[in-house]
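Remarks on the structure that follows.
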Amino acid sequence: MAETKKKISVMIPCYNEEDNVRAIYEAVRDEITKSCPAYDFEILFIDNKSRDNTRALIRDICREDGRVRAIFNVKNFGQFNSPYHAMLQTSGDCTITMCADFQDPVELIPEFVKKWEEGYKIVIGRKTKSRENPFVYLLRSIYYKILRKMSSTEIIEHFTGFGLYDKSFIETLRNLNDPTPFIRGIVAELGPDRAEIEYTQPKRRAGKTHNNFFSLYDAAMLSFTSYTKVGLRVPTFLGFFISFFSFLVGLFYLVAKLIFWDKFTAGYAPIMISMFFLGGIMLIFFGFLGEYVMAINARVMNRPLVVEEERINFREEDEK
């Protein structure tokens, strides 16, 4: 009886990637065929309501190659929910997640598989350098270091989700039932021992990045509210400090007034500065509190990760 081959699933999320989608399919297919010939494989695209020709190209690829499957979402469900949902729909013995823009090097696939065969249930790619904007990379580095200081959970620096996950860990993700998943934090918090492979992140092959200030802010706030308590605790400590400082200032003014009486005057400037300072501090922390409330609200509502519009090349036994 012939031995059944292990199966590798490669999950690729897409949003307006018409310049990259066929190229990434061919690159992944050729890399696995060349470097991992002992394995079966599937490629799963999930499209987050692209507005260009991405879906038509994916349809063509699915018609040409039965190993390629696709999920089309009815709307854009964000940069976290859509790929997370697709990971849960894979059927391989392991799942490799990577972006369509070639910033996750395809040539790392055999290295991931090698580490997996050595016994690691999770193998991640961690970028140590980037050929993208150096200022953005610097800001990311500062953000990770600040988050590590604030969080009681391990934070993996410069980890984007690119990596290999054993089917046992995928099953763990299925059982989480988290409507606002943050895979980067989940891997650190719940994942077993992992291997890390460092790489230099290349530039996008084609097209424009879909990250902007608001998408990066969403990512920062999701990690902040999910894995730190500092946004709630700092106001308490700061409130004690400001109250104590205000008491000392008030005591100073009282003593000065008693000693110098009418000769002592400071005008309204200190009062106005204090009001604006305290007002700004309060607005900042009301904003933090709002982020936590929104995170709680999203979890309480327990909406689905995505709503699918169409599936291609799925069989009944593949449905999750």
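The values are calculated or read from the model by the stated rules, or taken from the named source; none is laboratory data. A quick note: this is a predicted structure, and the numbers were derived from the prediction, not measured. For neighbour counting, all protein chains shown are included, and Cβ atoms are generated from backbone atoms with ideal geometry for every residue, glycine included.
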Considering segment 157-189 alone, what residues qualify as being in a helix (DSSP H, G or I), under 11 Å from Ile122 (Cα atoms) and of a type outside the set (Val, Ile, Thr)? Lys167, Ser168, Phe169, Ala188
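Filter segment 28-42 down to the residues that are out of contact with any Ser or Thr (no Cβ under 8 Å at 6 or more places or on another chain) and under 26 Å from Val306 (Cβ atoms), then identify the one that is surrounded by the most Cβ atoms within 10 Å (Cβ to Cβ). Quick ask: steps written out before the conclusion?
We begin by selecting, within segment 28-42, every residue out of contact with any Ser or Thr (no Cβ under 8 Å at 6 or more places or on another chain); these are 28-40.
Applying the additional criterion that residues be under 26 Å from Val306 (Cβ atoms) yields 28-29.
Values: Val28: 21, Arg29: 18.
In this case the residue turns out to be Val28.
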Among residues of segment 161-178, those that are touching a residue at least 60 places away in the same chain (Cβ under 8 Å) and either more than 21 Å from Asn302 (Cα to Cα) or surrounded by 15 or more Cβ atoms within 10 Å (Cβ to Cβ) (or both), counted: 10
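Suppose the filter is assigned by TED's automatic domain parsing to the domain that holds Pro13, over 13 Å from the mean Cα position of the chain (by Cα), modelled with pLDDT of 85 or more and assigned to a helix (DSSP H, G or I); does Leu147 pass it?
Numbers: assigned by TED's automatic domain parsing to the domain that holds Pro13: yes; over 13 Å from the mean Cα position of the chain (by Cα): yes; modelled with pLDDT of 85 or more: no; assigned to a helix (DSSP H, G or I): yes.
So Leu147 fails the test.
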It is to be established whether one or more residues within segment 12-26 are over 23 Å from Gln201 (Cα atoms), surrounded by fewer than 23 Cβ atoms within 10 Å (Cβ to Cβ) and out of contact with any helix residue (DSSP H, G or I) (no Cβ under 7 Å at 6 or more places or on another chain). no
Taking segment 43-53 and the residues there that are touching a strand residue (DSSP E or B) at 6+ places or on another chain (Cβ under 9 Å) and modelled with pLDDT under 95, the one that is surrounded by the fewest Cβ atoms within 10 Å (Cβ to Cβ) would be Lys49
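For segment 154-178, which residues satisfy the criterion of being aromatic (Phe, Trp, Tyr) and either closer than 17 Å to Val10 by Cβ or out of contact with any helix residue (DSSP H, G or I) (no Cβ under 6 Å at 6 or more places or on another chain) (or both)? Let's see the steps before the verdict.
First, pick out the residues of segment 154-178 that are aromatic (Phe, Trp, Tyr): 159, 162, 165, 169.
Matches in segment 154-178: Phe162, Tyr165, Phe169.
What about Tyr15, is it over 25 Å from the mean Cα position of the chain (by Cα) and hydroxyl-bearing (Ser, Thr, Tyr)?
On the way: over 25 Å from the mean Cα position of the chain (by Cα): no; hydroxyl-bearing (Ser, Thr, Tyr): yes.
Against the criterion (over 25 Å from the mean Cα position of the chain (by Cα) and hydroxyl-bearing (Ser, Thr, Tyr)), Tyr15 does not qualify.
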